[in-house]
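Notes follow the structure.
The values are calculated or read from the model by the stated rules, or taken from the named source; none is laboratory data. Because the structure is predicted, anything quoted here is derived from the model rather than measured. We place every Cβ from the backbone using ideal geometry, glycine too, and count neighbours over all the protein chains shown. Ligands, DNA and RNA are stripped out before the accessible areas are found, and what is left, the full protein with its side chains, is counted by its heavy atoms. Shrake-Rupley method; radii C 1.70, N 1.55, O 1.52, S 1.80 Å.
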Amino acid sequence: MTDWPALRKWTDSYLTSMVGDRPTTITHSNSTVFHFYGRKREFKQSTIGEFLKEFSDTNRQGNMYMAQQPIMKELPELEPDIRRPEFSKFLKLQDVYLWMGAGNQITPAHLDNSENIMCMVAGRKKMRLYHPSMSPFLYAEVQNRYTAITSAVFNLTHVDYNKFPEFQNARHIVVEISKGDMLFLPAYWWHEVTSYDRNIAINWWFDAHSDIMNSFFEHWVAKLPQTKWGKHDEDLREQDIELAKEMGQEIPGEESWRDEL
């Protein structure tokens, strides 16, 4: 990534001048965790310029994240600043996405059915990765509100083994990437992502290249339990408290938390 102009040019002022007027959806959360379900997140329609102003404000309330903004369709002015990885030429491109966060945001464990190349332009991310063969131990669920395949084990570092005994068999690796680093994440690998500092990432998504894995995935998903909104409310409250302590953030109050459910 050393030849990426984005590493030098993507300041708040540059991004505002290039794409500041473009509409975007900002996700707000009163905790560090951006859940796929259970806790409602606040979605705010805004512009990228307004987002950059808000997430640079040290006095702002809560946490915020701009996730999965398509570059080719919506931000083509930024394309000259990035480079498609050479080793991805044999893969069929789906899209390229921009992600920006204010730091200390956590995306719980989930998997995607796309090949993923994550490239860090600013900040850093820590990823806990689980091979697809670990799926029997991760208590997978299909979210009927989203297309995500997630784990019922919300906090992978503080696991209730009485509730999730099989998780003790799950083996993982931890990878940390920072500015200028690139990570290839194969399709169907589980990943929990913690982002630090002002972070900007680009990820390239490609069609999964294994027909065998795709077929297996379709049959496997059909057998997974469907999770209903609010099923894990109390579990989420407990997990948010633990994660807030870990990240050194204020613990959300009981009433404010319930207001978001």
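Residue count for the stretch 156-179, restricted to those that are in a loop (DSSP other than H, G, I, E, B) and of a type in the set (F, W, Y): 2.
Selection of helices (runs of 4 or more DSSP H) fully inside the stretch 1-63 by the criterion of at least 1 residues being modelled with pLDDT of 70 or more and within 23 Å of N155 (Cα to Cα) returns nothing. Of all residue pairs spaced 6 or more apart or on separate chains, those with beta-carbon atoms under 8 Å, a first member in the stretch 161-173 that is more than 15 Å from W190 (Cα to Cα) and open to solvent by less than 70 Å² (accessible area, probe 1.4 Å) and a second member that is of a type in the set (V, I, T) and assigned to a loop (DSSP other than H, G, I, E, B) are F164/V153.
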